[in-house]
Amino acid sequence: MINFNGVTFTSWNTNVSKHSYTDFGVILTEQNIGLPSPKTYSVSIEGMDGSLDLSECFGEMKYENRTLKFTFESIDKITDWQAKMINISSFLHGQKMKIKTWSDPDFYYIGRCQIDEYNGGRRLGKIVISCDCEPFKYKNNITNYNLTEGANMVQNSRMTVYADLINETEITINSKVYSAGTHLRAIKLTSGANTLNSSGNATLNFQEGEI
């Protein structure tokens, strides 16, 4: 069988995955991965030239959702196309999904899908699916970092995250004391290199994300 490029949709609720070609039998002919728009905010102040940019007043830039749009086509008889459409719409329309594209296999998106358009002629069926997604795309695998005693330089991708901390004994990190155990969302990591001064060994687990 020919391995066509396509999109994998995984249900957020059931974790069931469907591939656009191998499961739905439609061929990806166009994809548009939109970028998230920055949430800009400016204030015009009397007597001041221009405007005061407050877009990063919370410490970092925030973003709107992003839109992913996919166009698929299929050569089917009209009766077969209708049955295929029922299968696709029952699984996707209005549902929250993890979305993985053939062109960016190391990341996935999270968003709600809807069918914008579908039509079937004598020779060609066409379907357009749009996905209202979170601003960042996420790495497939959780990042694990082993802290050691002393200064640690922890690299993080574009998205600010809060890492889970796992330590077998009491530990001090950047002057804060953590008792032995698992501490969820304990350590803030911003984009780039983060310096963590640790009094002992521990593990950080965090989900990296990129624009």
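Restricting 62, 96, 77 to those that are out of contact with any strand residue (DSSP E or B) (no Cβ under 7 Å at 6 or more places or on another chain), within 24 Å of residue 25 (Cβ to Cβ) and among the basic types (Lys, Arg) reduces the list to 77.
Only a single item in (1) outside any strand (DSSP E or B); (2) modelled with pLDDT of 95 or more is not met by residue 48, and it is number (2). In this structure, residue 90 qualifies as exposed (fewer than 15 other Cβ atoms within 10 Å of the Cβ), of a type in the set (S, T, N, Q), at pLDDT 95 or above and farther than 19 Å from residue 158 by Cα.
The range 114-211 holds strands (runs of 3 or more DSSP E) entirely within its bounds, and those carrying 3 or more residues that are within 26 Å of residue 71 (Cα to Cα) and either at pLDDT below 95 or of a type in the set (Phe, Trp, Tyr) (or both) map to 125-133.
Name the residue that is nearest to the chain's Cα centre (by Cα), counting only residues in the range 152-183 that are farther than 17 Å from residue 137 by Cα and among the charged types (D, E, K, R). Step by step, filter the range 152-183, then rank; the result is 164. Filtered by the rule that a residue be hydrophobic (A, V, I, L, M, F, W, C) and under 24 Å from residue 119 (Cβ atoms), the range 11-32 gives 24, 26, 27, 28.
The values are calculated or read from the model by the stated rules, or taken from the named source; none is laboratory data. Model, not experiment: these values are computed from the prediction. Cβ sites come from the backbone with ideal geometry, for glycine too, and all protein chains shown count toward neighbours.
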